[in-house]
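Bear in mind that the values in this text are calculations on the coordinates, not laboratory data. Everything quoted here is computed from the prediction, not taken from an experiment. Counting neighbours? That spans all protein chains shown, and the Cβs are built from the backbone with ideal geometry, glycine included.
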Amino acid sequence: MGAGSRGFRSRVRGLQRGLLPIGSGAGLPDRGGTGMIDPRRLRLEIRSVAEGLRLRGIELDVGRFEALEARRKRLQDEVERLRRRRRVASKQIGEAKAAGNDIAPLVGAVGDLGDDLADATREFDAVRHELDEFVKALPNPPDDSVPPGADETANIELRRWQEPADFNFEPRDHVSLASTSLDLEAAVKISGSRFSVLRGSLARLHRGLTQFMIDTHVREHGYEEVYVPYLVDRHTLLGTGQLPKFEDDLFAIDGERDQFLIPTAEVPVTNLVRDSILDFADLPLRYVAHTPCFRSEAGNYGKDTHGIFRQHQFEKVELVQIVHPRKSWDALDELTGHAETILRKLELPYRVVALCAGDLGFAAAKTIDLEVWLPAERRYREISSCSNFVDFQARRMLARYRNPETGRPDYVHTLNGSGLAVGRTLIAVLENYQDGNGAVHVPDALRSYMGGSTRLDL
RNA sequence: GGAGAGGUGGCCGAGCGGCUGAAGGCGCUCCCCUGCUAAGGGAGUAUGGGUUGAUAGCCCAUCGAGGGUUCGAAUCCCUCCCUCUCCGCCA
């Protein structure tokens with residue numbers, strides 16, 4: 001039995017064990033594992049898929065896909081035909097043997113079947129691998145409601161909440177305000193650039209913000225708090241779409257373990273439902289997790305180098321929802337609202353922005369960003385990103401639910417959003433709550449998390 | 001880290017290399033019977049892929065994963081992963 005003549009399911013399982021096709025020589029993943037755009041949709045409506053991808057600035061090579069698909073079809077047919085022949089022949093041999101007949105002629109009749117099958121299988125696997133790579137590299141086509149555009153300049157502001165405070169003094173930035181409580185020198189000494197050390201009440205504020213966010217989402221929004229690993233394997237990252245295309249953005253563990261530091265809690269949390277068939281009645285699932293996030297920020301050299309806006313390590317409270325496919329658009333609005341609640345409770349001015357097609361992340365069908373006002377920069381900056389991935393991640397993960405109407409498994413839809421990025425919230429609090437004398441007040445909502453203090457002791 | 005045991009369908013649990021996609025039990029669904037919270041009888045009940053107008057059929061694959069032996073592997077061989085028990089270490 002040649003490589004690849006094992007079934008689809010075994011490949012999917014292999015994948016789930018972290019044995020990846022990419023560079024590992026292991027079996028090819030199939031549908032579930034490769035994940036992506038629905039292969040059937042790709043075959044049947046490739047034009048519309050191509051159109052969607054064009055909005056993201058990606059030109060789908062329709063001719064190449066169709067050629068590959070034609071070969072795949074022919075070879076799969078051949079392989080299955082040969083396998084069937086082999087099965088039938090083997091069965092006959094078994095029966096003959098049981099009846100006490102001479103099996104030599106039957107065995108001889110099998111002839112080159114084995115070799116033919118091995119050859120066909122080899123070819124089939126090669127084509128599937130090629131097809132797999134091709135499809136896997138395709139991002140999620142944007143939803144129809146996503147504004148067109150190539151980059152962030154085409155994003156659409158949907159609404160604003162509160163006008164920025166009109167300071168009658170020159171607002172200072174968070175680095176200046178934090179003073180010695182933000183010890184960037186120590187961080188550089190310990191770890192290098194893009195890390196930070198927080199001290200005293202600033203560290204406490206950081207922790208308090210985190211607690212406040214989690215508590216709000218658990219108590220008021222009905223999320224289940226989960227604690228998850230910060231190191232994950234390749235398969236997990238493939239499920240949510242960080243791999244195989246964006247390995248450079250991740251910190252990998254160097255050594256025997258083929259693991260990576262999570263770039264966001266989305267990765268471990270969404271993968272909770274990987275390879276499962278959920279009960280219809282259990283949907284929607286809502287998880288909130290607080291984790292550190294690790295990003296290499298490759299390609300962002302020189303960008304946001306001041307302060308702690310863009311770090312290799314930062315904390316985030318993440319919201320994840322697993323929902324019925326017909327509910328995901330409502331869920332996106334809800335989830336965005338849950339993130340907004342934090343900003344409102346903290347009374348931080350923000351605006352809501354719909355990302356244009358060109359600005360979407362790989363797996364997202366639609367993304368709504370929340371941007372908080374930073375007085376020192378005199379502009380709104382991203383503090384939360386809420387996305388509906390529809391069935392894109394679910395396909396990669398084989399995350400399904402039992403459809404009560406058909407009795408069959410269907411893919412769920414997945415969503416996530418920051419609720420919020422803690423470090424950036426810290427910046428926003430510092431800058432928006434400064435009083436002009438270098439002091440920073442504690443937002444009312446955070447008082448109880450700060451031991452009743454009304455001012456930060458910086 | 002050392003020693004041992006084990007990984008089979010939603011769960012439990014059989015399985016001399018061939019008729020086992022997989023006995024049996026439990027659970028679940030539907031039907032029948034039953035005059036009353038129970039019992040009994042019958043049928044059905046995995047997933048992925050392909051084909052197709054089709055969630056109708058039909059075909060292929062899957063018994064932790066990968067590879068090997070063989071006409072044929074859940075069953076034999078090799079490698080890896082995981083779980084459990086005991087010892088050691090440890091927050």
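Does the range A:253-401 come out rounded, prolate or oblate by the C-alpha gyration tensor, with a ≥ b ≥ c the root eigenvalues, rounded set by a/c under 1.5 and, if not, prolate when a/b is larger than b/c and oblate if not?
oblate
Cα axis of helix A:46-55 to longest principal axis of chain A: angle in degrees, 0 to 90, nearest 10?
Taking Cα atoms only, the helix is inclined about 20 degrees.
Can you list residues whose amide H is under 5 Å from A:Arg455's amide H, if they're 5+ apart or on another chain and H is modeled 1.01 Å from N?
It is A:Val442, by chain and number.
What number, rounded to the nearest 500 deg cm²/dmol, is the helix-based mean residue ellipticity at 222 nm of chain A, given -39500 (n - 2.57) per DSSP H run of at least four residues and division by all its residues?
Value at 222 nm, helices only: -12000 deg cm²/dmol.
Mind putting a number on the dipole of chain A about its Cα centre? Charges go on the C-beta only, +1 for Lys and Arg and -1 for Asp and Glu, and I need it in Debye to the nearest 20.
1340
With labels modelled as points extended 7 Å from the Cα through the Cβ direction, what inter-label distance (nm, one decimal) is found for A:Asn101 paired with A:Arg122?
Inter-label distance under the simple model: 3.4 nm.
Looking at A:Leu238, A:Ile322, A:Val79, which one has the Cα that reaches farthest to the positive end of the dipole of chain A (charges on Cβ: Lys, Arg +1; Asp, Glu -1)?
Of the options given, the answer is A:Val79.
How far apart, in nm, are two points set 7 Å out from the Cα along the Cα-to-Cβ line at A:Asp144 and at A:Gln211?
Result for the modelled spin labels: 4.8 nm.
For A:Glu382 and A:Arg81 in the same chain, what is the full-extension length gain: residue separation times 0.36 nm, less their Cα-Cα distance, in nm?
Working it through step by step, the gained length comes to 102.8 nm.
Is any residue of the range A:282-313 close enough, with backbone N under 14 Å, to a label point placed 7 angstrom from the Cα of A:Ile190 along the Cα-Cβ axis, and if so, which?
Within reach of a label on A:Ile190: A:312-313.
Take every DSSP beta bridge whose two residues both sit in chain A, then give the antiparallel share in percent to the nearest 5.
90
Rounded to the nearest 10 degrees, what's the angle between the helix A:113-136 long axis and the longest principal axis of chain A, both from Cα atoms, 0 to 90?
So the helix axis and the longest Cα principal axis differ by about 20 degrees.
Given labels modelled 7 Å from the Cα in the Cβ direction, how far is it in nm from A:Arg199 to A:Glu225?
Going by the 7 Å Cα→Cβ label model, 3.0 nm.
When only Cα pairs under 8 Å and 6 or more residues apart are kept, what is the percent relative contact order across chain A?
Once normalised by length, the contact order is 20 percent.
Which whole-Hz couplings ³J(HN,Hα) result when phi for each residue of the range A:65-81 is put into the Karplus expression 6.51 cos²θ - 1.76 cosθ + 1.60, θ = phi - 60°, listed in order with x for Gly and Pro?
3J(HN,Hα) across the range A:65-81, in whole Hz: 4, 5, 5, 4, 5, 5, 5, 4, 5, 5, 5, 5, 4, 5, 4, 5, 5.
So which of A:Lys136/A:Lys327; A:Lys303/A:Lys327; A:Lys136/A:Lys345; A:Lys189/A:Lys316; A:Lys136/A:Lys189 end up more than 31 Å apart by C-alpha?
Beyond 31 Å between Cα atoms: A:Lys303/A:Lys327; A:Lys136/A:Lys345; A:Lys136/A:Lys189.
Report the calculated FRET efficiency for A:Tyr301 and A:Phe362 (r = Cβ-Cβ distance, R0 = 25 Å), to the nearest 0.05.
The formula returns an efficiency of 0.70 here.
For helix A:200-219, what angle does its Cα long axis make with the longest principal axis of chain A, in degrees from 0 to 90 and rounded to 10?
Long axis of A:200-219 versus the principal axis of chain A: about 60 degrees.
When the dipole is taken about the Cα centre of the range A:161-265, and only Lys, Arg (+1) and Asp, Glu (-1) are charged at their Cβ, what size is it in debye, to the nearest 20?
Roughly 300 debye, rounded to the nearest 20.
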